[in-house]
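J.: Got a structure for you, questions after.
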Amino acid sequence: MIEAIVGLTALGGGLGVFLGIAAKRLRVEAPALDGALAEILPGQNCGQCGYPGCAAAAAAVARGEAPVTLCPPGGRAVALALAERLCVEIDLSALADAAPRAAHVDESVCIGCTKCARKCPTDAIVGAAKQIHTVIEDVCSGCGACVETCPSQGISLRPLPVTLHSWYWPKPGDGVARQ
Ligand code: SF4
Ligand code: SF4
């Protein structure tokens, strides 16, 4: 019994050391620019830009394959920050920030298939199998990824109501779409 415990402990320790060394040796450092651009992006990995996550989007911008305006949830602010980091001039006059929105589940048609909850990159949807699902508005980024997954077409994106907390003086020419 003692031999088994000692043996397993030694095996576990050995594997741990091996994996630690491998992680160090095989580590692929992302180019500094990719990392810097990825820090500017929202980090939601929602895929609205067409890339499989913010890191891939940052790498594409760094390679010059994607425009700085690629991130819909980031809008003008992220585009400006990316352009500044890349030291490029950019005309954002045509780019309008979309009004903030969130997903909404029509509970009368929800069948509790859980597809939307599994798709959501921000874990904004709560529910259990065969139970009605609902969206936590404060967590939802409005990415829209869940809308297409719902077999009951029960999910829609709704503009978030303007509240005292979200209202602000519009800046002249800020390009934000007003409701
Ligand atoms: S739109 Fe849907 S998938 Fe996207 S964050 Fe909101 S609940 Fe999640
Ligand atoms: S995908 Fe649609 S039917 Fe399925 S749990 Fe979500 S809201 Fe309900």
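The values are calculated or read from the model by the stated rules, or taken from the named source; none is laboratory data. Note that the structure is predicted; figures quoted are calculated from it, not measured. Cβ: placed from backbone, ideal geometry, glycine included. Neighbour counts: every protein chain shown. These accessible areas exclude ligands, DNA and RNA; they are computed on the full protein's heavy atoms, side chains included. Shrake-Rupley method; radii C 1.70, N 1.55, O 1.52, S 1.80 Å.
J.: Right, Ala38: within 19 Å of Leu157 (Cα to Cα) and either in contact (Cβ under 8 Å) with a residue 60 or more places away in the chain or under 13 Å from the mean Cα position of the chain (by Cα) (or both) or not?
T.: no
Rundown of residues vs (1) in contact with a helix residue (DSSP H, G or I) (Cβ under 7 Å, 6 or more places away or on another chain); (2) at pLDDT below 90; (3) on the phi < 0 side of the Ramachandran plot, yes/no style:
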site	(1), (2), (3)
Leu26	no, yes, yes
Asp34	yes, yes, yes
Gly47	no, yes, no
Glu65	no, no, yes
Glu84	no, no, yes
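J.: For the condition open to solvent by less than 50 Å² (accessible area, probe 1.4 Å) and away from ligand 2 (no atom under 15 Å from the Cβ), what is the one hit in Ser141, Ser93?
T.: Ser141
J.: If you don't mind, another one. Considering only the range 1-73, give the helices (runs of 4 or more DSSP H) lying wholly within it that have at least 2 residues that are buried (at least 18 other Cβ atoms within 10 Å of the Cβ).
T.: 32-40, 54-62
J.: Can you tell me which residues in the range 121-131 are surrounded by 16 or more Cβ atoms within 10 Å (Cβ to Cβ) and within 12 Å of ligand 2 (Cβ to nearest atom)?
T.: Passing the criteria: Ala124, Ile125, Gly127.
J.: Looking at the range 108-120, can you tell me whether even one residue there is open to solvent by less than 90 Å² (accessible area, probe 1.4 Å) and assigned to a helix (DSSP H, G or I)?
T.: yes
J.: May I ask you to list pairs of residues, at least six apart or on different chains, whose Cβ atoms are under 7 Å apart, with the first in the range 134-151 being touching a residue at least 60 places away in the same chain (Cβ under 8 Å) and the second being part of a helix (DSSP H, G or I)?
T.: Qualifying pairs under 7 Å: Ala145/Lys119.
J.: Could you grab the pairs with beta carbons closer than 6 Å, sequence gap of 6+ or different chains, first residue in the range 63-88 and of a type in the set (Gly, Ala, Ser), second one in a helix (DSSP H, G or I) and open to solvent by less than 40 Å² (accessible area, probe 1.4 Å)?
T.: The qualifying pairs are Ala66/Ala60.
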